[in-house]
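Worksheet: one structure, shown below.
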Amino acid sequence: MKGITFTLEAHAVHEGVQRRQSQEPLARALARETARTPAPTVAPALQCQLRCQPCAPTAAASTLSTVNALSFSWLASAGAGAGAAMAQAPLVRAMAQMPIAQAIAQVPLVQAVTAKFAPTVAPECTYADQYSIGRPGAEKEGLARFWELFYGVAISNDIEGRSGHISRLLGPAGHYERMSFWVHFIGALVFLVYSVMRSSLHIHEQRVDGALTSAAGYTIAAVFLTSSLYHCTAPDRNFAYVTRVLDYAAIYIGITVATTADIAVATRGFENVPYQTILDLPAAACLLIFFFAWRRWRLPGALTWSPHEIEARAKDGCLLGRGLFSFGHRDLHHSQARQATSLLLFASYFMSVPAAFRVLGDGVANVIVALQVTAFVTVALGMAIDRFFQWPDGLLVEGSMTCLACPSNQSPGWGTVCNSHSVWHLVALISAALTCVSREYALGYG
């Protein structure tokens, strides 16, 4: 006996669930209204039948409508003319000539309930496009375009000539990406100063683990600088097509160098560590960079460029309230692969934990492992805040947590708001700092 295979695509299930959920409020409302409304009195001689086949023509039957073998008919008993009289009513005749779904929509009760629960958008909910940089149709090109993007994101965004209301969270010259840019730009400067000071003081640089610690500091600074470069060019589809690839490539390289330095510190310069363990991380990072760069080259920019909408409703009825929206290239079906591989690279350090306890001793190992665990949990929490919880975006759209915004029309006039992605940037800084403290502690006391 041959097996029977049922194929049910995920997107079909998702669409079906959404369609069913959207119909449930109307169905519940109809049930409540029907329970409260007295049933109409119908003459005993009048009966309504629902058949799965077209009604057979009879002298006593007056068919109202037949749609795809689904028919409604009013049957009157012999000597009773109530059915024929109802069939001659203007509303009944009109309903008989339209599709069944449209006919049901003409019922006064259905119209009343639909009007009550229909979504409404007030005219004042139209916000100006404060994400795009440059005047529409007059954008610059090349290096001039880059400086236009940098100035619009980092300093002041000119939205003259754009219709719509100004976001009270951003102000007239603010931008959604401004805080994300400045957080990582300042972080890059901080880690650059740290690395330069460490190199100038020659702290443990005569050892392999000390030299890798300095290299990790410079790499982290480069990662944050590349991230700032991406965010200042994110509003432009063509620039972001390239800078996003550079951003993620820098992240993979940064994680690889930092984790390799952590393993070197935990094993006192790879003491008794097989070369395969040392090469695993660089090989994995190279494969990931190659795959996502190849994917980016194969996919046209128009296919991956899409808006990011906050899934919340403002108190004033706006679905995309207060100007908090953005555009960007998406990973589409590879989003989970991108996030999972990043976490796996970062978590690869924990394979060296037994060696850390053996080489460094319980006292030192307890401290550095605790710092590494805290850094990993911090990164995972930051990713959840940005990707899943979208905090505090929902609260900002609803009109609360406005203390996290600094509009450009207020002192000091930064024109920025602490959205979920800028929170992720702050969390990334904290996690990187924790790993640096862990390495320095192991070098000093290990």
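The values are calculated or read from the model by the stated rules, or taken from the named source; none is laboratory data. Bear in mind the structure is a predicted one, so any value in this text is a computation, not a measurement. All Cβ positions, glycine included, derive from the backbone under ideal geometry; neighbour counts span all protein chains shown.
Which helices (runs of 4 or more DSSP H) does the stretch 342-446 wholly contain that include 3 or more residues that are touching a helix residue (DSSP H, G or I) at 6+ places or on another chain (Cβ under 8 Å) and within 30 Å of Ile155 (Cα to Cα)?
Numbers: elements: 353-360, 362-384, 393-398, 420-445.
So the answer is 362-384, 393-398, 420-445.
Only one of Ala240, Ala261 is aliphatic (A, V, I, L, M), buried (at least 17 other Cβ atoms within 10 Å of the Cβ) and under 25 Å from Ala355 (Cβ atoms); which? Give the steps one after another, and end with the answer.
Values: Ala240 fails: under 25 Å from Ala355 (Cβ atoms).
Selected residue: Ala261, the only one of Ala240, Ala261 that is aliphatic (A, V, I, L, M), buried (at least 17 other Cβ atoms within 10 Å of the Cβ) and under 25 Å from Ala355 (Cβ atoms).
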(message) So Arg322 passes all but one of these: (1) surrounded by 13 or more Cβ atoms within 10 Å (Cβ to Cβ); (2) modelled with pLDDT of 80 or more; (3) on the phi > 0 side of the Ramachandran plot. Which condition number does it fail?
(response) (2)
(request) Give the residues of the stretch 269-296 that are within 19 Å of Val359 (Cα to Cα) and exposed (fewer than 13 other Cβ atoms within 10 Å of the Cβ), sorted by residue number. (result) Asn272, Pro274, Tyr275
(request) Determine, yes or no, whether Val107 is β-branched (Val, Ile, Thr), surrounded by 11 or more Cβ atoms within 10 Å (Cβ to Cβ) and modelled with pLDDT of 85 or more. (result) no
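Among the residues that make up the stretch 216-237, is at least one of them among the small types (Gly, Ala, Ser) and in contact with a Cys (Cβ under 8 Å, 6 or more places away or on another chain)?
Within the stretch 216-237, the subset among the small types (Gly, Ala, Ser) is 216-217, 221-222, 227-228, 234.
Then drop every residue that is not in contact with a Cys (Cβ under 8 Å, 6 or more places away or on another chain), which leaves 216-217.
Among the residues of the stretch 216-237, at least one is among the small types (Gly, Ala, Ser) and in contact with a Cys (Cβ under 8 Å, 6 or more places away or on another chain), which makes the answer yes.
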(request) Would you check if there is a residue in the stretch 387-403 being buried (at least 21 other Cβ atoms within 10 Å of the Cβ), among the charged types (D, E, K, R) and modelled with pLDDT under 85? (result) yes
(request) Could you tell me whether the stretch 354-361 includes any residue that is without any contact (Cβ under 8 Å) to a residue 24 or more places away in the chain, farther than 19 Å from Asp209 by Cβ and either buried (at least 16 other Cβ atoms within 10 Å of the Cβ) or not small (Gly, Ala, Ser) (or both)? (result) no
(request) Could you please tell me which pairs satisfy a Cβ distance under 9 Å, a separation of 6+ or placement on different chains, a first residue in the stretch 285-304 that is over 19 Å from Thr256 (Cβ atoms), and a second residue that is part of a helix (DSSP H, G or I) and of a type in the set (Gly, Ala, Ser)? (result) Gly301/Ala240
(message) Among the residues in the stretch 193-205, are any surrounded by fewer than 24 Cβ atoms within 10 Å (Cβ to Cβ), among the polar types (S, T, N, Q) and without any contact (Cβ under 8 Å) to a residue 12 or more places away in the chain?
(response) yes
(message) Given the criterion within 23 Å of Ala380 (Cα to Cα), modelled with pLDDT under 90, assigned to a helix (DSSP H, G or I) and not charged (D, E, K, R), identify the matching residue among Ala337, Ala285, Ala302.
(response) Ala337
(message) For a quick check of your reading of the model, give me the residue pairs whose first member lies in the stretch 241-260 and is of a type outside the set (Asp, Glu), whose second is not in a helix (DSSP H, G or I), with beta-carbon atoms closer than 8 Å and at least 6 apart or on different chains.
(response) Tyr241/His329; Thr243/Ala234; Arg244/Ala234; Arg244/Gly328; Arg244/His329
(request) Among residues belonging to the stretch 141-177 that are without any contact (Cβ under 8 Å) to a residue 12 or more places away in the chain and aromatic (Phe, Trp, Tyr), point out the one that is surrounded by the fewest Cβ atoms within 10 Å (Cβ to Cβ). (result) Trp147
(request) Output the number of residues of the stretch 110-147 satisfying the condition of being at pLDDT 85 or above and in contact with a strand residue (DSSP E or B) (Cβ under 7 Å, 6 or more places away or on another chain). (result) 1
